[in-house]
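Encoded as structure tokens, the structure appears first; notes follow it.
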Amino acid sequence: MKRKPLLPGLLALGICALAADAALAEQGVLRTRGANGGAVAARGPSGGAIVSGRGVQQNSDGSVTGASGTVLRTPQGSVAGRASTTTRGADGSLTHSGGFAASGQKGNVQSSGSLAVDADGTASGSRSTTATSATTGNSYQGSTTVDPVTGTVTHTGTCYTDSGEAVACAK
């Protein structure tokens, strides 16, 4: 049986809800609930808005998948969003992936990662993050990994000038 992905639907829900009728949002909070999840949208008096949704489903193979997502806009115009999905296998295995991104007057950041744990407890995963200053154009790129054989966590990170030259990161 083909599984319907929850994450794209949640993100679409968030985008649609942010674009929803302003008259409804100005009156407070809009909520919807269903048997497998729900969503909430709100708009503040100064122009900020947030939408969040979540859902859970039982899969035909006995696993259970949950997904969630949130998007927001501040009154100053900054925007951010996050999304994740987790599946717990019938055999006890687990997979998780997620990410976030934000952009505002001071710069932007984005990060995504995943983790997998086999039924026997063997774990592997990674996360990558990039951040850029709007003021200087300087940026940071980092990566963290978990070795499935040794369990060793390794992190690398590099800072760059606005022209792309690698430099020491400020502490």
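The values are calculated or read from the model by the stated rules, or taken from the named source; none is laboratory data. Please read these numbers as outputs of a predicted model, since none were measured by experiment. With ideal geometry, Cβ positions are generated from the backbone for all residues, glycine too; neighbour counts draw on all protein chains shown. The accessibility values were calculated without ligands, DNA or RNA, using every heavy atom of the protein model including side chains. Shrake-Rupley method; radii C 1.70, N 1.55, O 1.52, S 1.80 Å.
Here the simple spin-label model places points 7 Å from the Cα toward Cβ, and for Thr145 and Thr32 these points are separated by 4.2 nm. Would segment 28-171 count as rounded, prolate or oblate if I go by the C-alpha gyration tensor, calling it rounded below 1.5 in a/c and otherwise prolate when a/b exceeds b/c, oblate otherwise? Because a/c hits 1.5 or more and a/b fails to exceed b/c, segment 28-171 counts as oblate.
A Förster distance of 35 Å, applied to the separation of the beta-carbon atoms of Cys159 and Asp118, puts the FRET efficiency at 0.50. For segment 110-158, the fraction of 1.4 Å probe accessible surface lying on carbon and sulfur atoms is 53 percent. The alpha carbon gyration tensor of segment 66-151 gives principal lengths a ≥ b ≥ c with a/c of 1.5 or higher and a/b no greater than b/c, which makes the shape oblate. Note down the net charge around Thr156, summing +1 for each Lys or Arg and -1 for each Asp or Glu among other residues with Cβ under 15 Å from its Cβ. Result for the neighbourhood of Thr156: 0.
Would you work out the relative contact order for segment 86-171, in percent, from Cα pairs under 8 angstrom that are 6 or more residues apart? Before the final figure, lay out the partial values.
Numbers: 183 pairs, mean separation 16.0, N = 86.
Once divided by the residue count of segment 86-171, the mean separation gives 19 percent.
Shape class for segment 24-87: oblate, because the ratio a/c of the largest to smallest gyration tensor axis (alpha-carbon atoms, square roots of eigenvalues) is 1.5 or more and b/c is at least a/b.
For segment 157-171, putting each phi into the Karplus relation 6.51 cos²θ - 1.76 cosθ + 1.60 with θ = phi - 60° gives couplings of x, 9, 9, 9, 6, 5, 8, x, 7, 5, 9, 5, 6, 5, 8 Hz, in residue order, rounded to whole numbers and with x for Gly and Pro.
For Cys169 and Asp91, the difference between the fully extended length at 0.36 nm per residue and the C-alpha to C-alpha distance is 23.8 nm.
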